[in-house]
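Data block below; observations after.
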Amino acid sequence: MGCTNYTIGFDSACNTAIECIDKLRDTMQSHERCSVVEVMGRNAGFLALYVGTAVGATAVLVPEHVESFEQNVIERIRGAKLAGYTHFMVVVAEGAGHAQDVGDKIQEALGIKPTITVIGHIQRGGAPYGRDRETATRMGYHAVMAFAEGRGNCVIGTQEGGIVEIPIEDALKMKKHLQMDRYKIMEIMQFGGSHDGEL
């Protein structure tokens, strides 16, 4: 929802994906391997970008950042190899492509057969993390109070750390855009500079 800065479940989904990727990396990084991990996202790359940045992914594919596959994935893996890395992690939002297709392209271009992992549905289960529990409690309280006071057809969300109540007609018109500065940070942090050498 574009009307809220934070959506309940995001933190839990991110942490589940990060834990899965950390475990995957433990078994893969002793050899020159490539892992392609598909996470939830449909047409939004927020989750994939957050997770990719947190795990130090070699490349992240999101629907909002359309770039050539050669430049965004293949060249980044080549750069990682030259920098001495032996494990290459590619995080894919489900709306940016299928992990198997991404893996096939990597194998064709580089001769490395990636391990394909789709963790999308795993992210939907499990116990929620603290931020989600606390936020859900506060939002639930405000929703009940709005109902008790006779206000309906509204969306409860968060903005600037506080709880807000927005008419549903207005809320549905709001759009949320991926923060591309985060994408740039992810690229820069990988090798201490972006793929074109600029900081």
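Here the spin labels are modelled as points 7 Å beyond Cα on the Cα-Cβ line, and at R25 and I122 they lie 1.5 nm apart. The stretch between V66 and L110 holds 13.7 nm of extra length on full extension. This uses 0.36 nm per residue minus the Cα-Cα distance.
What residue among E160, E94, E38 shows peak mean-square fluctuation when the chain is described by a Gaussian network model with Cα springs under 10 Å? Of E160, E94, E38, the Gaussian network model singles out E160 as fluctuating most. Across the chain, the longest piece that holds none of the trypsin sites (Lys or Arg not before Pro) lying in DSSP loops with up to 12 other C-beta atoms within 10 Å covers 43-150. Net length available on complete extension from M180 to R138 is 12.2 nm, with 0.36 nm assigned per residue and the Cα-Cα distance removed. Would you count, across the chain, every pair of lysines whose alpha carbons are under 29 angstrom apart, provided the pair is eight or more residues apart or spans two chains? Lysine pairs meeting both conditions in the chain amount to 13.
What part of the accessible area of region 77-139, given as a whole %, is carbon or sulfur when the probe is 1.4 angstrom? Please report the intermediate quantities before stating the final value.
On the way: 1830 of 3470 Å².
Reported share for carbon and sulfur atoms: 53 percent.
Hydrodynamic analysis of the chain uses the Kirkwood radius over alpha carbon pairs. Inserted into Stokes-Einstein at 10 °C and 1.306 mPa s, it gives a translational diffusion coefficient of 87 µm²/s.
Of M145, M40, M186, the residue with the greatest mean-square motion in the GNM of the chain, using alpha carbon springs below 10 Å, is M145. With protein chains left intact and a 1.4 Å probe, residues in the chain average 55 Å² of accessible area per residue.
Taking T27, T158, T86 as the candidate residues, the one with maximal mean-square fluctuation in a Gaussian network model of the chain, Cα springs under 10 Å, is T27.
The chymotrypsin sites (Phe, Trp or Tyr not before Pro) of region 40-131 that DSSP puts in a loop, and whose beta carbon has at most 16 other beta carbons within 10 Å, are Y129.
The values are calculated or read from the model by the stated rules, or taken from the named source; none is laboratory data. The shown structure was predicted, so the numbers you read here are calculated from the model rather than taken from an experiment. Backbone-built Cβ (ideal geometry, glycine too); neighbour counts: all protein chains shown. Each accessible area value is taken on the protein alone, full model and side chains, heavy atoms only, with ligands, DNA and RNA left out. Shrake-Rupley method; radii C 1.70, N 1.55, O 1.52, S 1.80 Å.
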